[in-house]
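Please treat every number below as a calculation from the coordinates, not as lab data. Because the structure is predicted, anything quoted here is derived from the model rather than measured. With ideal geometry, Cβ positions are generated from the backbone for all residues, glycine too; neighbour counts draw on all protein chains shown.
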Amino acid sequence: MKIHAYLSFSGNCREAMTFYHKCLGGELIFQTVGESTLYKKMPKQMKACIVHATLTKDALVLQGSDMVSQTGLVKGNAISLSLDCSSEKEIKEVYAKLSVNGQADHLLEDTFWGALFGGLTDKYGNHWLLNYHKK
C-alpha cells in the first residue's frame with residue numbers, strides 16, 4: 001500500500017503542476033475535462049479544466065485536479081507535503097524553487113535529528129516540509 005499527495009485547485013491545476021514539474025523534475029501527465037467522458041455533462045467553459053494530473057519522479061507521486069466540490073476550494077494548514085531529498089544540493093535547489101513567490105516559513109537548518117530541514121508555503125498556498133538526512 002502507498003499513499004500519494006493529491007492537491008485540489010480551482011482552475012489553476014495546470015499552472016501549479018507545471019510549476020512543481022519545473023521545481024522537482026520528472027514526468028507530468030494531464031487529463032482534461034475535454035478529453036474525458038465528463039465533457040458531455042460539464043459546461044463548455046470547463047473543457048480545459050484538469051480532471052487529473054500526475055507528476056512522477058522515482059518514488060515521488062504528486063497528483064492534482066481542478067475538480068472541487070460545489071462548496072469550493074478551502075485551503076488550510078492541516079496538511080503538508082513532506083519531501084525527503086537525496087542530497088544537500090537537491091534540498092537547497094528544490095527549497096529555492098518552491099519558495100519563489102511563496103513564503104519561507106522555516107529556513108533550511110541543521111537539526112538535532114541529523115538532517116537538513118526546512119518548511120515553506122508555495123505560491124499556491126500548499127505547505128511543504130523538506131528533509132535531507134545527512135549520512
Of the residues that make up segment 100-111, is at least one out of contact with any strand residue (DSSP E or B) (no Cβ under 9 Å at 6 or more places or on another chain) and not aromatic (Phe, Trp, Tyr)?
yes
Residue list for segment 37-93, restricted to those being outside any loop (DSSP other than H, G, I, E, B), in contact with a helix residue (DSSP H, G or I) (Cβ under 6 Å, 6 or more places away or on another chain) and more than 21 Å from residue 2 (Cβ to Cβ):
39, 46, 50, 51
Of (1) touching a Leu at 6+ places or on another chain (Cβ under 8 Å); (2) in a loop (DSSP other than H, G, I, E, B), residue 109 satisfies every one except (2)
Given (1) in contact (Cβ under 8 Å) with a residue 12 or more places away in the chain; (2) farther than 29 Å from residue 134 by Cβ; (3) surrounded by 13 or more Cβ atoms within 10 Å (Cβ to Cβ), index of the condition residue 29 fails:
(3)
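Let's see how each residue does on (1) under 18 Å from residue 12 (Cβ atoms); (2) surrounded by fewer than 12 Cβ atoms within 10 Å (Cβ to Cβ):
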| site | (1), (2) |
| --- | --- |
| 39 | no, no |
| 45 | yes, yes |
| 49 | yes, no |
| 59 | no, yes |
| 95 | no, no |
| 114 | no, yes |
| 121 | yes, no |
| 127 | yes, no |
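This table checks each residue for (1) of a type in the set (D, E, K, R); (2) farther than 16 Å from residue 24 by Cβ; (3) in contact (Cβ under 8 Å) with a residue 60 or more places away in the chain.
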position	(1), (2), (3)
50	no, yes, no
60	no, no, no
81	no, no, yes
91	no, no, no
106	no, yes, no
117	no, yes, no
121	no, yes, no
126	no, no, yes
131	no, no, no
